[in-house]
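Undergrad: A single structure is presented below for examination.
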Amino acid sequence: MQRHLISAADLTRDDAVHILDTAEEMARVADRPIKKLPTLRGRTIVNLFFEDSTRTRISFEAAEKRLSADVINFSAKGSSVSKGESLKDTAQTLEAMGVDAVVIRHGASGAPYRLANSGWIDAAVINAGDGTHQHPTQALLDAFTMRRRLVGRDAGIGQDLSGKRITIVGDVLHSRVARSNVDLLHTLGAEVTLVAPPTLVPVGIETWPCEVSYDLDSTLPKSDAVMMLRVQRERMNAAFFPTEREYSRRYGLDGDRMARMPEHAIVMHPGPMVRGMEITAEVADSDRCTVVEQVANGVSIRMAVLYLLLGGNEPAVRHARPTGTTEEK
Amino acid sequence: MDTQASEARPVLEGPDIARVLTRIAHEIVERAKGADDVVLLGIPTRGVFLGRRLAAKLEQITDRTIPVGSLDITMYRDDLRMHPPRALARTEIPGDGIDGKLVVLVDDVLFSGRTIRAALDALNDIGRPRAVQLAVLVDRGHRELPIRADYVGKNLPTSLRETVKVQLAEEDGRDTVLLGVKQTASGAQH
Amino acid sequence: MSKILIRGAKVLGGEPQDVLIDGEVIEAVGTGLPDDGAEVVEAQGKVLLPGLVDLHTHLREPGREDSETVLTGTRAAASGGYTAVFAMANTFPVADTAGVVEQVYRLGQEHGYCDVQPIGAVTVGLEGRKLAELGAMHESAAGVTVFSDDGKCVDDAVIMRRALEYVKAFGGVVAQHAQEPRLTEGAQMNEGVVSAELGLGGWPAVAEESIIARDVLLAEHVGSRVHICHLSTAGSVEIVRWAKSRGIDVTAEVTPHHLLLTDELVRTYNPVYKVNPPLRTERDVLALREALADGTIDIVATDHAPHPHEDKDCEWAAAAMGMVGLETALSVVQETMVETGLLDWAGVADRMSFTPARIGQAKGHGRPVSAGEPANLTLVDTAYRGSVDPAGFASRSRNTPYEGRELPGRVTHTWLRGKATLVDGKLT
C-alpha cells in the first residue's frame, strides 16, 4: 500500500478533491486564536532539504507545527552530505532516530521515489520538489487556489475544476511545477495550455494531457487562470532565448496583456517572481494576482496532506497506480 | 451498520424526537435563566442537525436569534491512530465567538464520553466559554470517562452488544432512534 | 594434454556431431567418433559454438579493482562462453601507452580463463586532444589493433580524421563511442516521452547519429575502416546501412541490453537501468534486432561495465552508467534473436564469434569448428530456462538489469585452446 506522496500523477480525482476539501477545513484553523491541532502529537517529521528552498521549507514546517508534530530540519549545506554522505546513509541515519515521515527536497529528479521505493527506510516520503520532475504539494495548492477563486470557497467543496481553462507560461522544460500542475489539473478536469518558446518545451511533450502553444496573446482571452513560471536569467546564456528583453516582450505578462484576459481570470505564480522578466510589477501587485494567497494556501494544503498520510494508522489517500513496483527490498 | 438497522427496533419515533427536543429547549431556557448568552454547537454529523432544531425551538420560546454552529472533533480524537484518517467535517463558530458565553454542545448519542472529551479539547483551542453544557438525544450508558450530560432526551439502558443508531430527516430521510444487535467484531456506532 | 570427446553436440545448431579435441586443437569432427580413452562430454541436445569473442569489455584493472579485475572479469567471460575479450582503455591510468596495455595483456595470459586483447586509447588520457602512441601500442607485446576512447567520444573531427588515417599504417581500426558532447550535457536517459515525464536530462538520438554520419563520411574520405561502438538508435541503423551501401568500410556493434530493454524501465528510477548510450524506445529495439539479423549491424558486443554496489544504490543522477553483461549476453541474444526467428545458431556464431574476431583481428579466435582449428569452444544448453541471479555471477559486480528475469539458455562448458575453463556451469 502506498504511504507516500511522490507525484501529482499518482493522485486520483477523488483523492485530489478529498485533499482540497480537507485543506479547506485546515484553512479555518488559521483564523482561530490558537492555530494548532493536536493531531500529529508524537509523530516526528524531518524536513530533508538537499536544495535551498526557504519558502517551501517554512511552509511545511508551519503545517507540521500546526498539527503538533515534532519537526527536525535538516539542510544539506554544512552537513555530512556536503562531505559526501549519500542520500541513503542520510535517510537511514534519520530513520534510526525514529522519524515517521520525510519531507524531501532534492536536486535530482526521482530522489524521493528512490527514497520511498528502495527499501532504505520505512518512513512515509513526501516530495517537496525533485529536480525537474515533480512538486505535488505545489500543484495541490495551486489547484486549491483556483478552486477557491473560480468555483468558490464553500461552493467548491466536493468539486473539481471541470471545464476551467488554465494557461501555464514559461520555462516548462525545467519546471517541476509545470509537470505537477499538468498532471493534477488534468485529473481535476481542467483544460491546460502550456505556452513557452519552443526551446523551453521538452521533447516528448506530445503525450502530456495538455495543449502546447508558442503564442501567449492568442491564449489569454481563453484563460480562466494564467500561471507564470519563473524564468531564470541563466537560461539566456544557454541560448534558450536571445535576451531578457525579447523574452519578456514575447512571453512576459504586463498590464496590457492582463487586460486581454477575461474579467474573472486570475494571475498565479509559484514564486519567487522575477519582476520585469516574466511578470511586471503592475501585474504582480494587482488584486488579480494570487501569489500571496498561494503562500497561505500552501500551509493548508500541506496540513491536509500530512493529516491524510500520517493522521491515522494507514493513509487515507490511495494512489491511482502503485508507484512501488519491482524494486529490490 | 445499515444492515443492522433493518433488523433493529425503533425506540424513539419522529414525534417523540420532536417532543424531546422541545423539552430540552425549555430546560435550557430554565437553567440558563433566559438563555441570553447561549451558543449551541452541534457535533457532526447528526449533532449539527439537532443543534439547529434546538436553536429553532429556543428562538420560538425566547423570540431571539440563538447563535448556532458546529464543532468538528475529528482532529482531537484519541483513537486517530486506530483507524485511517477520517474525513473532516466543518467547524463553524458563530460570529460573536464563544468567549464568556454558555456553550451547549449537542450530540445524538452519549456513550463512552470520548467524543465529548475531544469536543472540550477542541473548544479550548477556540475560546473560553463562561460554562459548557451538554445536550444529547440518547444516553446509552457505558461511560469510560467522568463525563455526564446536562440535558438528556432519553436514557436508554443498553448492553455493549447492542447498537444505537440515530436517523434524522436531514441526513437519513426520516427521524428515528434504532436499537439493534452488533453483528460484527468492529466497534459500535457510539 | 589428454583428449576430450564432445559427443552429439549440434555444431552451430546443425545435425548432432562428435568433436574430438586433442591438446589445444580440434582433431576431428564427425559422427560416431571412438572415444579412444578421451574424457567424454555428453552434449546431446546442446549447441556447440566457437568460443565467443567480445569486442567491448571493461575489465577495470588497473585502477578500479573494487568493481572488476582482469581475473574476475575473465572468469565472468568464461562463464558466459567467451574465450576472448577486448578490454577497453578507460582504466586508471588510461591504456594509452605500451606499458599499460602490456600489463593488461599479461594478466589475461597469466590467469588463463580467457584471452584478453587490450584496446588502446585513441588520444592521450582519453582527452580527445592529442593522439596516443598508437604505433607503440600496436608494436608492444599486446599487439593492439583496436583503438577507442570509449566512454568518451572522439568529437574533434580533425583528431578523428587523423586517427582513422594513422592506424591504416598497421591495419588498425578506430572504434568510436558516438556521442556529440554538447548535445548530451547533463544527459541522464534517452530524450523522449519518458524523459519529458520524469524530468531527467535527455540524451537525444541525434547526438549519436550525427557523429556516426560524420565518421562514416570521414572514413570514406580518407579510405579508412571505422567501427561504431554500441549503436543504439533506429536512425543510426539507417546511416550505417546507407554507408555500407556506398561501400564505406564501416562495422557496427549492438549490446545485448539495447536488443531487449527500453527506456520505459527508467520509470522506476532504478539506476541499474542507467547506461550509456541510454536505453531507447521499442521502435529502436526492433530496428536494432532487424539490423543485426540482416548484417547491417555486424556483431553483438557486451559493453560489460561493472560498477560497485554503492555506485548504483543511490539516486539516479548520482549513479554510474553501465551494466555487466558477459554472463547474460548469450541468453539475451537467444531470447531476442533466436527465439524470435531472426537468427539461427550459425548466425549467432557469426555475430558473436567469427565477425568480432575478424574485426579485432583476434588470432586463433572466431575460427570454424573443424579439424585443425584451435579448440576454442562453447557448449550451450539452449533448452534451459531460469531466472537471473546475480549472486551467482563470477564478476565482482552485480549491476545487472536482468535480476529475477527469466532468460533462456545456459553455457555449460567453455574450452580455451582445449583447456576447460567452465565445466557443467562451474568455473575450473
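No lab work stands behind these numbers, since they all come straight from the coordinates. Being a predicted model, the structure only gives us computed values, none of them experimental. Every residue, glycine as well, gets a Cβ built from its backbone with ideal geometry; the counts of neighbours run over all protein chains shown.
Undergrad: Under 10 Å, Cα contacts only: if you run a Gaussian network model on chain C, which one of C:Ala317, C:Ala77, C:Ala95 comes out with the highest mean-square fluctuation?
TA: Residue with maximal mean-square fluctuation among C:Ala317, C:Ala77, C:Ala95: C:Ala317.
Undergrad: Using the count of nearby Cβ atoms within 10 Å as a rough guide to exposure, how do C:Glu68, A:Glu25 rank from fewest to most? Working shown, then result.
TA: Values: C:Glu68 26, A:Glu25 21.
In order of increasing Cβ crowding within 10 Å: A:Glu25, C:Glu68.
Undergrad: Round to a whole angstrom and tell me the spacing of the C-alpha centers of the stretch B:49-63 and the stretch A:7-21.
TA: 39
Undergrad: For C:Ala28, which sequence-distant residues (separation of 5 or more, or a different chain) have an amide H within less than 5 Å of its own amide H, given hydrogens modelled in the peptide plane?
TA: So C:Ala28 has HN proximity to C:Leu20.
Undergrad: Here's something else I'd like to know. Have a look at chain A and give its Rg and Dmax from the Cα atoms, expressed in angstrom.
TA: Over chain A's Cα set, Rg and Dmax evaluate to 19.4, 56 Å.
Undergrad: Extending each Cα 7 Å along its Cβ direction at A:Val203 and C:Glu282, get the distance between those two points in nm, one decimal.
TA: Once both label points are built, they end up 2.1 nm from each other.
Undergrad: Looking at A:Val125, A:Val299, A:Val201, which one has the Cα that reaches farthest to the positive end of the dipole of chain A (charges on Cβ: Lys, Arg +1; Asp, Glu -1)?
TA: A:Val299
Undergrad: Running Debye on the stretch B:1-129 with equal point scatterers at the Cα sites and no solvent, what base-10 log of I(q)/I(0) appears at q = 0.09, 0.17, 0.22 Å⁻¹?
TA: Calculated log10 I(q)/I(0) at the listed q: -0.29, -0.96, -1.35.
Undergrad: Right, next: Show that you can apply the helix-only estimate: for the protein assembly as shown, add -39,500 (n - 2.57) for every DSSP H stretch of four or more residues, divide by all residues, and state [θ] at 222 nm to the nearest 500.
TA: Calculated from helices alone, the mean residue ellipticity at 222 nm is -9000 deg cm²/dmol.
Undergrad: Can I ask one more? Which net charge results when you count Lys and Arg as +1 and Asp and Glu as -1 among the other residues whose beta-carbon is under 13 Å from that of C:Arg129?
TA: Neighbour charge sum, excluding C:Arg129 itself: -2.
Undergrad: Would you be so kind as to identify which of B:Ala119, B:Pro94, B:Leu145 lies farthest towards the positive end of the dipole of the stretch B:72-185, taking Lys and Arg as +1 and Asp and Glu as -1 on Cβ and the Cα centre as origin?
TA: It is B:Leu145.
Undergrad: Can you give the angle from 0 to 90° between the axis of helix A:13-29 and the longest principal axis of chain A, with both taken from C-alpha atoms, to the nearest 10?
TA: 80
Undergrad: Under 5 Å between amide H atoms, partner at least 5 residues away or on a different chain: which partners does A:Lys164 have, H built in plane at 1.01 Å?
TA: Sorted by chain and number, the residues that satisfy this are A:Glu191.
Undergrad: Moving to a separate point now. Taking θ as phi - 60°, what are the ³J(HN,Hα) couplings along the stretch A:98-111 by the Karplus curve (6.51, -1.76, 1.60), each to the nearest whole Hz, with x for Gly and Pro?
TA: Ordered by residue, 3J(HN,Hα) equals x, 8, 8, 8, 10, 9, 10, 10, 9, x, 9, 4, x, 4 Hz.
Undergrad: Amide H neighbours of C:Ile228 under 5 Å, at least 5 residues apart or on other chains, H built in the peptide plane: list them.
TA: Those qualifying (amide H under 5 Å, at least 5 residues apart or on another chain) are C:Gln176, C:Thr251, C:Ala252, C:Glu253.
Undergrad: Let me ask something else. Please report the equivalent ellipsoid semi-axes of the protein assembly as shown, computed as sqrt(5 x eigenvalue) of the Cα gyration tensor, largest first, in whole Å.
TA: 71, 34, 22
Undergrad: About its Cα centre, what dipole magnitude does the stretch C:52-360 give when the only charges are +1 on Lys and Arg Cβ and -1 on Asp and Glu Cβ, stated in debye to the nearest 20?
TA: Result for the stretch C:52-360 is approximately 640 debye, rounded to the nearest 20.
Undergrad: Can you give the charge dipole size of chain A about its Cα centre, rounded to the nearest 20 debye, using +1 on the beta carbon of Lys and Arg and -1 on the beta carbon of Asp and Glu? It would help to have the intermediate numbers written out before the result.
TA: Working: 40 positive and 43 negative charges, 107 e Å.
In total the dipole reaches around 520 debye.
Undergrad: Residue by residue through the stretch A:38-51, which ³J(HN,Hα) values in whole Hz follow from phi under the Karplus form 6.51 cos²θ - 1.76 cosθ + 1.60 (θ = phi - 60°), with glycine and proline marked x?
TA: Going residue by residue, I get x, 4, 9, 4, x, 8, 10, 10, 10, 9, 9, 10, 8, 10 Hz, with x marking Gly and Pro.
Undergrad: Once you sort the root eigenvalues of the Cα gyration tensor of the stretch A:24-173 as a ≥ b ≥ c, which label holds: rounded (a/c under 1.5), prolate (a/b larger than b/c) or oblate (the other case)?
TA: oblate
Undergrad: Give the calculated FRET efficiency between B:Ala89 and A:Asp287 to the nearest 0.05, with a Förster radius of 30 Å applied to their Cβ-Cβ distance. Spell out each step's value before the answer.
TA: On the way: r = 32 Å, r/R0 = 1.07.
Taking R0 as 30 Å, the efficiency between B:Ala89 and A:Asp287 is 0.40.
Undergrad: Now for a separate question. What does the extension gain come out to for C:Glu110 and C:Asp389, with contour length at 0.36 nm per residue minus their alpha carbon separation?
TA: 97.6 nm
Undergrad: Ok, one more. Round to the nearest 10 and give me the degree value, 0 to 90, for the angle of helix C:205-222's Cα axis relative to the longest principal axis of chain C.
TA: Computed tilt is about 80 degrees.
Undergrad: To continue, here is another question. Separation of the stretch A:234-301 and the stretch C:264-329 by C-alpha centroid, Å?
TA: Using only Cα atoms to place each centre, the spacing works out to 42 Å.
Undergrad: For the protein assembly as shown, what is the charge dipole size about the Cα centre, in debye to the nearest 20, if Lys and Arg each add +1 at the Cβ and Asp and Glu each add -1 at the Cβ?
TA: Dipole size: approximately 2720 debye.
Undergrad: Out of B:Asp172, B:Asp125, B:Asp36, any idea which swings most in a Gaussian network model of chain B, alpha carbons joined below 10 Å?
TA: Per the Cα network of chain B with a 10 Å cutoff, B:Asp125 tops the list.
Undergrad: Moving on. Give me the extension gain from B:Asp79 to B:Arg174: residue separation times 0.36 nm, minus the current Cα-Cα distance, reported in nm with one decimal.
TA: Full extension from B:Asp79 to B:Arg174 adds 31.2 nm.
Undergrad: Along the charge dipole of the stretch C:138-213, pointing to its positive end and built from +1/-1 on Cβ of Lys, Arg, Asp and Glu, which listed residue (C:Ala205, C:Ser140, C:Met189) has its Cα farthest out?
TA: Projecting each Cα onto the dipole axis, the largest value belongs to C:Ser140.
Undergrad: C:Ala157 versus A:Asp14, label points 7 Å from Cα toward the beta carbon: distance in nm?
TA: 6.1
Undergrad: Let me ask another. Specify the residue with the greatest mean-square fluctuation among C:Asp150, C:Asp18, C:Asp294, computed from a Gaussian network of chain C linking alpha-carbon atoms under 10 Å apart.
TA: With Cα springs under 10 Å in chain C, the top fluctuation among C:Asp150, C:Asp18, C:Asp294 is at C:Asp294.
Undergrad: Round to the nearest 0.05 the FRET efficiency obtained for C:Lys168 and C:Glu65 when R0 = 35 Å and r is the Cβ-Cβ distance.
TA: Step by step, r from the Cβ atoms, then E = 0.50.
Undergrad: Compute the angle between helix A:176-187 and the longest alpha-carbon principal axis of chain A, please, reported from 0 to 90 degrees and rounded to the nearest 10.
TA: Tilt of helix A:176-187: around 90 degrees.
Undergrad: Please state the Cα pair-distance histogram of the stretch A:136-292 with 5 angstrom bins from zero: what percent is in each bin?
TA: Computed distribution, short to long bins: 2, 9, 21, 24, 22, 14, 6, 2, 1, 0.
Undergrad: Additional query: Here are some pairs, C:Lys3/C:Lys426; C:Lys244/C:Lys274; A:Lys36/A:Lys164; C:Lys3/C:Lys46; which of them have Cα atoms lying more than 23 Å apart in this structure?
TA: Listed pairs above 23 Å: C:Lys244/C:Lys274; A:Lys36/A:Lys164.
Undergrad: Grab the other residues whose beta carbon is less than 12 angstrom from that of A:His174, score K and R as +1, D and E as -1, and report the net. Could you put the intermediate results ahead of the total?
TA: Details: positive: A:Arg176, A:Arg179, A:Arg230, A:Arg235; negative: A:Asp171, A:Glu234.
Cβ neighbours under 12 Å give a net charge of +2.
Undergrad: Give, in nm to one decimal, the length gained when the segment between A:Gln232 and A:Ser86 is fully stretched (0.36 nm per residue of separation minus the Cα-Cα distance).
TA: Answer, rounded to one decimal: 49.7 nm.
Undergrad: From the phi of every residue in the stretch C:404-414, what ³J(HN,Hα) in whole Hz does the Karplus formula 6.51 cos²θ - 1.76 cosθ + 1.60 yield, where θ is phi - 60° and glycine or proline is x?
TA: Whole-Hz 3J(HN,Hα) from phi for the stretch C:404-414: x, 7, 7, 10, x, x, 8, 6, 9, 9, 9.
Undergrad: At what distance in nm do the modelled label points of B:Ala56 and C:Arg405 sit from each other, each positioned 7 Å from its Cα along Cα→Cβ?
TA: Here the answer is 6.9 nm between the modelled labels.
Undergrad: What is the calculated FRET efficiency for A:Ala296 to C:Ala346, with r their C-beta to C-beta distance and R₀ = 60 Å, to the nearest 0.05?
TA: Given R0 = 60 Å and the Cβ-Cβ separation, E is 0.25.
Undergrad: Taking only the alpha carbons of chain C, what extent do you get along each of the three principal axes, in Å, biggest first?
TA: Each principal axis gives a Cα extent; for chain C these are 64, 47, 43 Å.
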